[in-house]
Structure formats: C-alpha cells, structure tokens
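> This is the structure I have questions about; it appears just below.
What follows is calculated from the coordinates using simple rules that are stated; it is not laboratory data. Predicted, not measured: the structure shown is a model, and the values here were computed from it. Positions of Cβ are backbone-derived with ideal geometry, glycine not excepted, and every protein chain shown enters the neighbour counts.
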Amino acid sequence: MPYTPDVTKQRTIELMDDVVQRTVQRLDEDDFERLIDIYTTLQRLNSRGHGKTHLQTVRTLELPDEQSSSFTVQLQPLGFSRKPENVEEVYESLQSMLTGLKFWHGCNYCHGDLQWRNIVYVPTSDRGYWVLIDTDESYPPNTTTISWNHQCHGEILTFQHDLFQLGRLMKDFILPLTGKLPSVQTALLSARTSQLDAEQVLTMMNQSE
C-alpha cells in the first residue's frame, strides 16, 4: 500500500528514496533545542568512524537559525519491522541493540523508548542487521521523569531503563530461550536495581560457555 507520511503538530516523517526525512517544528523551545542536540550528537557519532553502531546515520542535518520555525534531518538506513526468526537471529538482534545502546549511552543519552516499532531490520546482499531508530525520547540520564508510554512511567530515566526494556522485548520471542539467553534476560530485567551497562551484557553474551 502507498506510504503515508507520519504527521503530528511537532514533526513530520517522510520516506524519500533511500532516506527517512524528519521535519521538527519549533513548538516548545526547550524540546526543540533538545532534539537539535540529539541529532547533532548522532551526526558527530557518525563522523567518528566507529563502523557499524546499529544506530541511524545522519545523512544531512539542516540546522535552524533564530528565525526558523523548524529543522530537517535525513536519516539512513531504511529498514522494516521484523522480529528474529531463529536462535541465531535472536543473538544477532540482541547484540545489535546492545551495541546501539553502548554507543548511545556513551554519548550520555538514554534512548527512552525501546520498543519493536523502534527497531528495524535492514536487508543486505549478505546478512541483514538490526538498527535502533527514533531517538526523539532520548534524554541524558537522571534528568527527566518518564512521562510517555513506558513500563516504568513516573520513574527517573536512566541507562538501566533501556536495558530493562530490552529484557521485556525478549518475552516476545516465539522461540524458546536457550544457552546464555535466559541468564541474559534475567540480567536485563533486573537492570533497574543495578548498575548494569550494555558493555557488560555484551561481554556476558560473548563469553565462551
């Protein structure tokens, strides 16, 4: 079916050839500046040559001047919603999300909205991969109360909430959790009451049994 742009009062999302274009309106000044900082940070991360971060790449960012009522950012890659279909893909998707969180937390941002709608599968000629998208609910840790649709509504947002949400997503896998996966899920679900970080969970997954 034809693609319909996602339009709200604050932003418009359009699919354009090989990029997603987001146009953000200047409605709330603080939120407008926060979103500019988010995409500027993402662009800076892209430029550091880290290789595959499993976060979106900023192709162009048109920053506003004082008179502008909006800014526009173009993001790559394009993907589609697809959950893992076998145990190998479960491991790959988890490692992708943990890698994305490691880089984003390293920029001092919590993602804030780790849900399947914000995870896309990017097909390639070899093996596809998963990317964490939509950083619009991102905040530095311990700076905001979770006021959006989130399992931890009312709590102060931390890096550990992202890990907890990833653990919750593991409940949606139709495949039985085998090998290290049960202990990984247990660690993620307990993250809210610990100092666990994404790097530690990646290490746990990569250790030989």
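> Provide Rg and Dmax in Å for the chain, with only Cα atoms included in the calculation.
Cα-based Rg and Dmax for the chain come out at 17.3, 59 Å.
> Using a Gaussian network model on the chain with a 10 Å cutoff between Cα atoms, which of Pro140, Pro123, Pro77 fluctuates the most?
For the chain, modelled as a Gaussian network with Cα springs under 10 Å, the answer is Pro123.
> Let me ask something else. Label region 6-76 by shape, choosing from rounded, prolate and oblate, from the square roots a ≥ b ≥ c of the eigenvalues of the Cα gyration tensor; if a/c is under 1.5 it is rounded, and otherwise prolate applies when a/b is larger than b/c, oblate when it is not. Before the final figure, lay out the partial values.
Values: a/c = 2.23, a/b = 1.43, b/c = 1.56.
Oblate.
> I'd like the Karplus ³J(HN,Hα) series for region 117-133: coefficients 6.51, -1.76, 1.60, θ = phi - 60°, whole numbers in Hz, and an x wherever there's a Gly or Pro.
Result, ordered by residue: 5, 9, 10, 10, 9, 10, x, 9, 5, 9, 10, x, 8, 9, 10, 8, 10 Hz.
> Over the chain, what relative contact order in percent results from Cα pairs under 8 Å that are six or more residues apart? List each step's numbers first, then the result.
Working: 313 pairs, mean separation 33.4, N = 209.
The normalised contact order for the chain reaches 16 percent.
> Loop only per DSSP, at most 15 neighbouring Cβ atoms within 10 Å: give me the chymotrypsin sites (Phe, Trp or Tyr not before Pro) in region 64-139, ordered by residue number.
Working: sites: Phe71, Phe80, Tyr91, Phe103, Trp104, Tyr109, Trp116, Tyr121, Tyr129, Trp130; in loops: Tyr109.
In loop regions of region 64-139 (DSSP not H, G, I, E or B), there are no sparsely surrounded chymotrypsin sites (Phe, Trp or Tyr not before Pro).
> Which length gain, in nm to one decimal place, applies between Lys171 and Asp18 when the Cα-Cα distance is subtracted from 0.36 nm times their residue separation?
Details: separation 153, 0.36 × 153 = 55.08 nm, distance 3.22 nm.
Working it through step by step, the gained length comes to 51.9 nm.
> Loop by DSSP (not H, G, I, E, B), at most 14 other beta-carbon atoms within 10 Å: where is the longest site-free stretch of the chain for trypsin sites (Lys or Arg not before Pro)?
Numbers: sites that count: Lys9, Arg48, Lys52, Arg127.
The segment 128-209 is the longest one with no such site.
> Of the DSSP beta bridges with both residues in region 36-174, give the percent that are antiparallel, rounding to the nearest 5. Don't jump to the answer; show the numbers that get you there.
Details: 12 of 13 bridges.
Bridges in region 36-174 are about 90 percent antiparallel.
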